[in-house]
1. Of B:Arg137, B:Arg100, which residue is more than 16 Å from A:Val213 (Cβ to Cβ) and of a type in the set (D, E, K, R)?
2. May I ask you to list the residues in region A:248-276 that are within 8 Å of another protein chain (Cβ to nearest Cβ) and in contact with a His (Cβ under 9 Å, 6 or more places away or on another chain)?
3. One residue is enough: does region A:5-14 have a residue meeting the conditions outside any strand (DSSP E or B), closer than 26 Å to A:Ser298 by Cβ and open to solvent by 40 Å² or more (accessible area, probe 1.4 Å)?
4. If I filter region A:188-211 for residues that are within 14 Å of another protein chain (Cβ to nearest Cβ) and among the polar types (S, T, N, Q), do I get at least one hit?
5. For region B:75-83, state whether one or more residues are among the β-branched types (Val, Ile, Thr), touching a residue at least 24 places away in the same chain (Cβ under 8 Å) and away from every other protein chain (no Cβ under 11 Å).
6. Could you pull out the residue among B:Phe155, B:Phe120 that is at pLDDT 95 or above and within 14 Å of chain A (Cβ to nearest Cβ)?
7. Is it the case that A:Thr226 is over 20 Å from B:Ala255 (Cα atoms), open to solvent by less than 10 Å² (accessible area, probe 1.4 Å) and among the β-branched types (Val, Ile, Thr)?
8. Criterion first (open to solvent by 30 Å² or more (accessible area, probe 1.4 Å), over 16 Å from the mean Cα position of the chain (by Cα), more than 14 Å from chain A (Cβ to nearest Cβ) and free of Cβ contacts under 8 Å to residues at least 40 places away in the same chain) does B:Leu58 satisfy it?
There are 2 protein chains.
Amino acid sequence: MKSFAVAIHGGAGVISSSIAEDRRREYLESLRAVLSCARELLEAGGSALDVVTEAVRLLEDDSKFNAGLGAVFNVEGGHELEAAIMEGASGKSGAVAGLRMVKNPIVLARMVMERSAHCFMMGEGAEGLAEEFGLERVENRYFDTPHRLEQLRLFLAKRNADCGVIDRGVIEDAGGGGGGGGEGGGTVGCVALDWDGHLAAATSTGGMTGKRVGRIGDSPIIGAGTFAKDGVCAVSATGRGEAFIQHGVAHEVAALVRYSGLSIEEAADEVVHRQLEVGDGGLIAVGCSGEITMPFNSTGMFRGAADSDGLFEVGIWAE
Amino acid sequence: MKSFAVAIHGGAGVISSSIAEDRRREYLESLRAVLSCARELLEAGGSALDVVTEAVRLLEDDSKFNAGLGAVFNVEGGHELEAAIMEGASGKSGAVAGLRMVKNPIVLARMVMERSAHCFMMGEGAEGLAEEFGLERVENRYFDTPHRLEQLRLFLAKRNADCGVIDRGVIEDAGGGGGGGGEGGGTVGCVALDWDGHLAAATSTGGMTGKRVGRIGDSPIIGAGTFAKDGVCAVSATGRGEAFIQHGVAHEVAALVRYSGLSIEEAADEVVHRQLEVGDGGLIAVGCSGEITMPFNSTGMFRGAADSDGLFEVGIWAE
């Protein structure tokens, strides 16, 4: 039984092991910095809910990952962001989708959870709530980055080559993690167990390169991309959203732990390696005793884990 | 083992047993008509997927229920509709939210499932898809009905009486079924098992009276309001969306069947009567052998069930 535990991810997908050494170092540095911050907060007695909020907020502000600044472009050259957070103690959650002007979607998700009668808000209604709550708002182009624009160019060139196919061909891009072409981190998330034994999970993403305007993925879907329940586990997923929605991945892991008596690791492996298909993505999960597991079935997943027993590790590919 | 089975619902909530005898008859007539149609389609060899689509489409066109025509008003006096459908054989699903001009949301959900690379579409992007697909579109005021307008008036009067509370006070209205004041059917849904042993589920709703613009409930959330998996069960839920999202109700029923060895009835009872709170709502579920269960913890639930053994019943309150 650990006093606290935390895991983060920055997306799963096709991550070439040939990315330049300096870029690799930059990714690992980012993961280490966020993980250090999360560990410090937990050590100081911070709540799991505050820790997952803060870790995801930091990852949103890091342009290397596909959430907040650095989010992928949709097919019209804009950004639509989504996020969710869930508190294991109360079972309360907050989720947002189709955001265009909220700098930190995870902060709005948290406020939806705590200050709204609803738990899932989309589009202009969600933006209006952000304004009421006084959250920082930005122009949609604030989220632009050159490497995401290059990914959109590659996506559009490929789609035009597959002429006649209007609404196909975007399914391979796991959170902007690679399939769309170019290189970049993906969806971000964090799960944590705090000193009081409470669990929490949070996920944020820009979706997939070239997605249609209005597409919602698994990240803001409680039970698919995000789930937390005290006494069971907290899960944040990353990958091909449609597959994660189909299997109710995050809730399925929790159900296997509760009803099949599997360990967190066994349950996560069952879902990632036997229910999902190779290439779909991965997840991070923490159990109520601080067990951490981070399986993925893609070539890589940006990730990190730390706990009160001294664990502190980050990674991209399988060991 | 039955050759086919089907169940429908028209919402759970506070349904006064003192509603006028003629109104009661009208509700039961509507339920019987839709159930007859669904049974005929199944008898004739129709697929579960086609049957749930058609049953929900009919309920959307019936102004007594809170979906399509007759949907409740949001706080700004407009309508935002949502729906989802899931096919048990393939695990594929389609969902839509924040629709303002699509006459039959369930038909768009079906087309999202079958003809889009995405499985969940919202707002203007979803409307654009409806236009591309050539679906029937209407002005938002097409959905207006006098009794829903009266419910909004009562809601706003009550909210203004609770002065200072800006974003609270709408949580008690289960799918427009009563808590908001006035009388009316709620969220609609259908689950079916066909001759080939395939399962499907569909749900459609206008949400809750006085909801904020942009609020998404559980109906379009795969795993919360809607879920189907061949060999396990198909589920459509109705009630206080936030609670159904928290518990991942539809997926939880399936998980209890798969991993705890409970019958469909036991699993549904566990979720409705022990996990949810009294008044939250109910669900309909059909198992892979044609078992039907329709538990609710509210005062009533508009519902009906039929199967190949001759079952044909409709009801509103507990027996």
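1. Working: B:Arg100 fails: more than 16 Å from A:Val213 (Cβ to Cβ).
Of the residues listed, the single one that is more than 16 Å from A:Val213 (Cβ to Cβ) and of a type in the set (D, E, K, R) is B:Arg137.
2. A:Gly248, A:His251, A:Glu252, A:Ala255
3. From region A:5-14, those outside any strand (DSSP E or B) are A:14; that's our starting set.
Applying the additional criterion that residues be closer than 26 Å to A:Ser298 by Cβ yields A:14.
Then keep just the ones that are open to solvent by 40 Å² or more (accessible area, probe 1.4 Å); that gives A:14.
So far as region A:5-14 goes, yes, one or more of its residues are outside any strand (DSSP E or B), closer than 26 Å to A:Ser298 by Cβ and open to solvent by 40 Å² or more (accessible area, probe 1.4 Å).
4. Within region A:188-211, one or more residues are within 14 Å of another protein chain (Cβ to nearest Cβ) and among the polar types (S, T, N, Q).
5. Going residue by residue through region B:75-83, those that are among the β-branched types (Val, Ile, Thr) are B:75.
Narrowing the set further to residues that are touching a residue at least 24 places away in the same chain (Cβ under 8 Å) leaves B:75.
If we keep only those that are away from every other protein chain (no Cβ under 11 Å) as well, we get none.
Within region B:75-83 (the criterion being among the β-branched types (Val, Ile, Thr), touching a residue at least 24 places away in the same chain (Cβ under 8 Å) and away from every other protein chain (no Cβ under 11 Å)), the answer is no, since none of the residues qualifies.
6. On the way: B:Phe155 fails: at pLDDT 95 or above.
After ruling out the rest, the residue left standing is B:Phe120.
7. Working: over 20 Å from B:Ala255 (Cα atoms): no; open to solvent by less than 10 Å² (accessible area, probe 1.4 Å): yes; among the β-branched types (Val, Ile, Thr): yes.
The answer is no for A:Thr226.
8. Values: open to solvent by 30 Å² or more (accessible area, probe 1.4 Å): yes; over 16 Å from the mean Cα position of the chain (by Cα): no; more than 14 Å from chain A (Cβ to nearest Cβ): yes; free of Cβ contacts under 8 Å to residues at least 40 places away in the same chain: yes.
Spelling it out, it is not the case that B:Leu58 is open to solvent by 30 Å² or more (accessible area, probe 1.4 Å), over 16 Å from the mean Cα position of the chain (by Cα), more than 14 Å from chain A (Cβ to nearest Cβ) and free of Cβ contacts under 8 Å to residues at least 40 places away in the same chain.
The values are calculated or read from the model by the stated rules, or taken from the named source; none is laboratory data. What you see is a predicted model, and the numbers here were worked out from it, not measured in a lab. For neighbour counting, all protein chains shown are included, and Cβ atoms are generated from backbone atoms with ideal geometry for every residue, glycine included. Each accessible area value is taken on the protein alone, full model and side chains, heavy atoms only, with ligands, DNA and RNA left out. Shrake-Rupley method; radii C 1.70, N 1.55, O 1.52, S 1.80 Å.
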